[in-house]
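Bear in mind that the values in this text are calculations on the coordinates, not laboratory data. No experiment lies behind these values; they were computed from the predicted model shown. Virtual Cβ from ideal backbone geometry, glycine too; neighbours counted across all protein chains shown.
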Protein chains: 2
Amino acid sequence: MVSEVFREASPSEFFYRNRQLAGFSNPARALYTAIRELFENSLDACELHRIKPQIMVSLRRVEDISKTVGIYKLYVQDNGSGIPKEYVLDALGRVFFSSKYILRQSRGTFGLGGTMAILYAQATSGRPVKVTTSTGGKTVVSYTFKIDIKKNRPKILRHKNYRNKDKWRGTILELYLEGDYSRAARYIINYFKETAAITPYAEITFIDPEGNLYFFRRTYNKMPNPPRETLPHPHGVDIETLKHLINTSPEELTLIEFLSNKFHRVGITTAKRFLKYAKIRDNLRLGELTDPDIEKLYKALQNYDKFISPSAEVLSPIGEDIFRKGIEKEFNPEYIDVVTRPPSSYQGHPFIIEAALAYGGEIPGSAGEIVLFRYANKIPLLYDEGSDVSTKVLNNINISSYKRPGDKPTALFIHIASTKIPFKTVGKEAIADVPEIEREIELAIRYLLRRFSKYTKRIIRRIHAEKRLKIFEKHLRLMSKFSAELAGKEEPDITPLLNKLKQRYGIKENQAPPSYS
Amino acid sequence: MVSEVFREASPSEFFYRNRQLAGFSNPARALYTAIRELFENSLDACELHRIKPQIMVSLRRVEDISKTVGIYKLYVQDNGSGIPKEYVLDALGRVFFSSKYILRQSRGTFGLGGTMAILYAQATSGRPVKVTTSTGGKTVVSYTFKIDIKKNRPKILRHKNYRNKDKWRGTILELYLEGDYSRAARYIINYFKETAAITPYAEITFIDPEGNLYFFRRTYNKMPNPPRETLPHPHGVDIETLKHLINTSPEELTLIEFLSNKFHRVGITTAKRFLKYAKIRDNLRLGELTDPDIEKLYKALQNYDKFISPSAEVLSPIGEDIFRKGIEKEFNPEYIDVVTRPPSSYQGHPFIIEAALAYGGEIPGSAGEIVLFRYANKIPLLYDEGSDVSTKVLNNINISSYKRPGDKPTALFIHIASTKIPFKTVGKEAIADVPEIEREIELAIRYLLRRFSKYTKRIIRRIHAEKRLKIFEKHLRLMSKFSAELAGKEEPDITPLLNKLKQRYGIKENQAPPSYS
């Protein structure tokens, strides 16, 4: 008989043992993921406080393990809000301790990334991490620490407080980790480039292990509105959340007060109407509620279809202007079109789909190909494209029914902003196929393809018109010459006439027409 | 200025909030996942103890929420080992408490599935779960409980001990959960069918909400060898694990004793040779080790290339005979071929790839299509095929270079058994592309395609031979007739001659040749 040993694992231990779940599956991918997680925390720390991001990431190889794999020193510095000193250690040194456990759009979703990067670094290099941070107050704090994996707690090795003479604000992280830059380089650089394409208000510097500098300059000076925290929408709570909300509210609250204070989009009028629908007395106090009452309340909340949809005002979309400027800056396309879909919601979470179509210029890919760029809460998603909702939508659209030039690649950029992105993995790479999201993405793509199709047709029409005009030009000249000879008059100047025709067909002088397949 | 609230989430809360990570993304998928997780726990509880599985799953709709979504009662009964009564509550009512946190092949990987199913059930139905279990001893215990999500602890509502008169052994789970059977049915039934195809030694009964009975009978009476627990391989430990092993071992152990007792495939001779290579004194005691010593030891462990590869004897592959019998039972193919690759390893974990190719019969799919059936540690993987390593391998093979009949679908079954499956998600749907695994899968697929190609050629050759023979037959008869007339003799019987030719080409009488594209 085999004996079975039951035991508990700490959250750190669980995620450490299963680090592939969070994107740390091999030295190349882990390097990419570590950079990405720390960089995204930096961007969040800026944007949430309307600070124009200025972020520096550098990577240096300090030790060889094999030809490709080595130990790297990763340095990330931002000018964000800084971490309050009482939270620094827990926020970075404990799994499941985070500021992301509220309803607010942010790049971080699981509150895991930073800690996972540190766990991975310490496990592969054996070295501690150093954090230096200040919220701009009198002191700058610095900790050098490791994570005690069994206890899921930080273990301080060194601690210093400095006087903050220069009123510096921001966070610096320094850690040593195993990585394979040769295989990760392509992803890391694309990651920065694709991020820059939607954050033209950020200044990003990356120094690679060879000392090459990648500088993404700021080309846009307005910051988007930061996301705001929101209350749960009545259609987004399950019975557990409802019970928790009831248990953590004062007993003497009436149901009306409770509903109108604790839920998104529920005012006193809505609360009254709803309770009438639910056939529950509206001055009932929370302390008086029995378990069957709560179940009744829950079912009614689910079924009542007159609640107002969640508001998208708490979200921080990219914005059409920034989206366009960013793509122009990074890809310099010949054609670009941007669309923002009206806000929608799923399971009580508001979301907005923004999409762009760009063609030609420096869009990478082969002729006629459609390249997909996926974004969620302003982060580019580079892996697992095959299982993403956008890929599914794109595959289901009959692309060939939309006219499209076949000479250069076309890019589709899809961004979803939401208080909750339904990621399939902790590694945040693919979005699950929620029907409401699928629908909005499809409408956005179809809209862009339709307009692009018209543009394409216009160009094709222009090419034909040009051809016609060329023939016309030739004959007209001859005709005017012969007529003038016949009439014994001087040949008239027909250029104004031709220009008029050109203008009518929208043909500029000396423009080479693109070729279409 | 936006304030940031930092707080801790309990493991239950984290996974409950992010339940899509574990496959509970919508009512259809959640129903599938819940059944699957409980069923797999049941199979593990049988196989680990060499008990021939006899498992009953039933699903009943007890309440309507919408037309398709409802509350279902899920009942799962097995004849497995039972859960020791001191662990019942923690094993089911606490996230990160499990018997799976050791190095042993099992269907369960994260020790999360059962608890997640219970969490989801309670959050969607508000009702508690009931577990009844016995290890075959004097008592049967039964608990009705809920999970306190904030505390990550079970909360008992009812508890009873019964006298176990019949020496019953096994576990029964009863829970109520929101689901959408209409959309999940296809997956659930395929799941059972595909499981039955590799466990012909199990008896599986499923009763669907309409009362239809799906019975998968036992057609094979030998159980595979159960998996065994193993020690970590020196190439599979990182510095954190090494430190933990050192800290939890007696201080007075010498390095030789430590290495030969705590590591897989390290005996005294290997330990001595290794320490010589590492230039570390071999009678050094654990208590004397300094941090730099441990780092030195770790690096040497990583770089020493003379350790013996991890042994695959601890694994429990399906076995060629069972694999073949199972596929024959469920799909009744015209052609079947099975291959077991030699054991290999990645990151210190042993693994074995088993693969089968089946053609015709009841293989589902369209003519000429290659249908992929993916398995990991004896569970079928039904979702996220697009991001699985087997799909990647298959896409990279130039299939058209292998001859293959185009009239019916061909199925490829890929199974990986390992002490650690590199799943991409907690939902256990797709396997990450670890190079070592990729290579073995590719070799298995190529081998099967090559052999199938030969078989195909043989059939095509047979068809050609038959054609030739038909012409030959006709002319031979005429020739013999004319010759007989000319010679004035009686016509000879040429049937024996024709039969001889048929035999030579392997053509049976009255066999309709399959058609090939």
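Label zone of A:Arg61 (point 7 Å out along Cα→Cβ, amide N under 12 Å): in the stretch A:167-201 this covers A:179-185.
Working note: Karplus 6.51/-1.76/1.60 with θ = phi - 60° gives the stretch A:389-404 the couplings 4, 5, 4, 4, 4, 4, 5, 7, 8, 7, 4, 5, 7, 9, 5, 7 Hz, where Gly and Pro are set to x.
Just to be sure I follow: if Rg is taken over the C-alpha atoms of the stretch B:189-308 and Rh is the Kirkwood radius over the same atoms, what is Rg/Rh?
Looking at the stretch B:189-308, the ratio lands at 1.33.
Every Cα-Cα pair of the stretch B:312-455 was included, and the share exceeding 17 Å stands at 58 percent. Rounded to the nearest 500, what is the protein assembly as shown's calculated 222 nm mean residue ellipticity when only DSSP H runs of at least 4 contribute -39500 (n - 2.57) each, over all residues? The per-residue figure over the protein assembly as shown is -11500 deg cm²/dmol. Using the alpha-carbon centroid of each, what span in Å lies between the stretch A:378-399 and the stretch A:82-99? Centre-to-centre distance over Cα atoms comes out at 34 Å. Bridgeable aspartates and glutamates around B:Lys481 (alpha carbons under 17 Å apart, same-chain partners fewer than 8 residues away excluded): B:Glu473, B:Glu490, B:Glu491, B:Asp493.
Counting only residues at least eight positions apart within a chain, or on another chain, the aspartates and glutamates with an alpha carbon under 16 Å from that of A:Lys52 are A:Glu40, A:Asp44, A:Asp78, A:Glu203.
Which shape class applies to the stretch A:234-303: rounded if a/c is under 1.5, otherwise prolate when a/b exceeds b/c and oblate if not, where a ≥ b ≥ c are the square roots of the Cα gyration tensor eigenvalues? Rounded shape, in that the Cα axes give a/c under 1.5.
Past 22 Å, Cα to Cα: identify those pairs from A:Lys424/B:Lys392; A:Lys193/B:Lys428; A:Lys325/A:Lys403, in the order given.
A:Lys193/B:Lys428; A:Lys325/A:Lys403
What is the list of residues in the stretch A:79-123 whose amide nitrogen lies under 13 Å from a point 7 angstrom out from the Cα of A:Lys165, following Cα to Cβ? No residues fall inside that zone.
Given a cut-off of under 8 Å on Cα pairs at least six residues apart, what relative contact order in percent is computed for the stretch B:234-303?
Working: 61 pairs, mean separation 28.2, N = 70.
Value for the stretch B:234-303: 40 percent.
Pairs of lysines in the stretch A:234-303 whose Cα atoms sit within less than 14 Å of one another amount to 7, provided the residues are eight or more positions apart or on different chains. Counting Cβ atoms of other protein chains within 10 Å of each Cβ in A:8-21 and taking the mean gives 5.
When B:Val314, B:Val140 are arranged by Cβ crowding within 10 Å, least crowded first, meaning fewest neighbours, the order is B:Val314, B:Val140.
Each of A:Arg7, A:Arg94, A:Arg341 was scored by other Cβ atoms within 10 Å of its Cβ. Arranged with the fewest first, they read A:Arg7, A:Arg341, A:Arg94. Scanning residues 5 or more positions from B:Glu63 or on other chains, those with amide H under 5 Å from its amide H are B:Ile71, with H placed 1.01 Å from N in the peptide plane. For A:Ser345, B:Ser134, B:Ser260, B:Ser453, what's the fewest-to-most ordering of other Cβ within 10 Å of each Cβ? Fewest-to-most Cβ neighbours within 10 Å comes out as B:Ser453, B:Ser260, A:Ser345, B:Ser134.
Convex hull volume of the C-alpha atoms in chain B, normalised per residue: 245 Å³.
Across the stretch A:51-66, coupling constants 3J(HN,Hα) worked out from phi with the 6.51/-1.76/1.60 Karplus curve, θ = phi - 60°, read 9, 5, x, 9, 10, 10, 10, 9, 10, 9, 7, 10, 7, 9, 10, 10 Hz, and Gly and Pro carry x. Across chain A, the mean sequence separation of Cα contacts (distance under 8 Å, 6 or more residues apart), normalised by length, yields a relative contact order of 13 percent. Between B:Lys150 and A:Ser309, the simple label model (points 7 Å from Cα in the Cβ direction) yields a spacing of 3.4 nm. Entry note: the stretch A:322-384 has Rg to Rh equal to 1.02, where both radii use alpha-carbon atoms and Rh is the Kirkwood radius. Annotation: aspartates and glutamates with alpha-carbon distance below 14 angstrom to B:Lys138 (same-chain offsets under eight excluded): B:Asp166. Electrostatic bookkeeping for B:Gly136 treats Lys and Arg as +1 and Asp and Glu as -1; over the other residues with beta carbon under 11 Å from its beta carbon, the sum is +2.
Divide the volume of the convex hull around the Cα atoms of the protein assembly as shown by the residue count and you get 278 Å³ per residue.
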